[in-house]
Amino acid sequence: MKITWLGHSGFRIETARNIILIDPFFTGNPGAKGVDLQEAAKGVNHIVLTHGHGDHVGDTVQLSKDTGALVTANADLAAWLGSKGVQRTDSTNTGGTVSYDGFSVTYVNALHSSAQLTEDGVSHSLGSANGIVLHFDDEPTLYHMGDTDIFSDMALIQELHQPDIGIVPIGDRFTMGGAVAALASRRYFKFSKVVPCHYGSFPIIDQTAEKFVAGMEGGTSEVVVAKTGEAFTA
């Protein structure tokens, strides 16, 4: 499996059979500077969204048109995307699993909100915020937490899914900060690799992963502080 951090919470996951974008936010994302959008979208056949905020839905509508990728999302968000012209969506919701060729996606809890301010100036709810667990036929299991705070039922996610790779928001203000994210990762999970995200993009969130790295010291997980646009192997 090859993983590329695309800035903020966006990732490109490449396996032998699939190329998946998670929360593909490029346009207006200071954290995506230097990322080649065409290169990031090359060969993509799936887009998976954690929730409906603009910094996670990002360029999904255009990317779905350009690539023909199937978009997996919470049912409310999927319906909204359909109204915006996305032709291929697959709806799910918290606790649900959808299966594809070579992998499945399970939507799990996250403590966050999910909405967009639309053209009429009203904030519209777009269903629940979620984390996503990707189980692959021949690759490690990956858990992208989405945007969330720590919660004790993370222990159940570990028990049910036993993820090998964790992608964890650490930027504070809108999600866990680095120290709490490290506590969540060490207390509730047995990640072989853990990757911090949702930092270093906007000025009002933490700019580095230092607090998270410090909190993970002495643990058994390898902390991968990824460079934007550069792939690493899991």
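Numbers at a glance
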| item | result |
| --- | --- |
| Matching option when the condition is loosely packed, with under 15 Cβ neighbours inside 10 Å and touching a residue at least 24 places away in the same chain (Cβ under 8 Å), among ASP59, ASP55, ASP76, ASP101 | ASP101 |
| Matching entry among ASP59, ASP36 (being among the charged types (D, E, K, R) and at pLDDT below 95) | ASP36 |
| Residue check for HIS46: crowded, with 18+ Cβ neighbours inside 10 Å and either within 23 Å of ASP164 (Cα to Cα) or in contact with a His (Cβ under 6 Å, 6 or more places away or on another chain) (or both) | yes |
| Only listed residue being touching a strand residue (DSSP E or B) at 6+ places or on another chain (Cβ under 8 Å), surrounded by fewer than 24 Cβ atoms within 10 Å (Cβ to Cβ) and hydroxyl-bearing (Ser, Thr, Tyr), chosen from THR27, THR15 | THR15 |
| Residue in the stretch 163-188 that is surrounded by the fewest Cβ atoms within 10 Å (Cβ to Cβ), counting only those that are touching a residue at least 40 places away in the same chain (Cβ under 8 Å) and within 30 Å of ASP138 (Cα to Cα) | ASP164 |
| Count - residues of the stretch 189-200 that are crowded, with 20+ Cβ neighbours inside 10 Å and either at pLDDT below 95 or among the hydroxyl-bearing types (Ser, Thr, Tyr) (or both) | 1 |
| Test result for LEU156, surrounded by 24 or more Cβ atoms within 10 Å (Cβ to Cβ) and either among the polar types (S, T, N, Q) or closer than 14 Å to VAL108 by Cα (or both) | no |
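The values are calculated or read from the model by the stated rules, or taken from the named source; none is laboratory data. Since the structure is predicted, the reported quantities are computational estimates derived from the model, not experimental observations. Glycine gets a Cβ as well: all are built from the backbone with ideal geometry, and neighbour counts include every protein chain shown.
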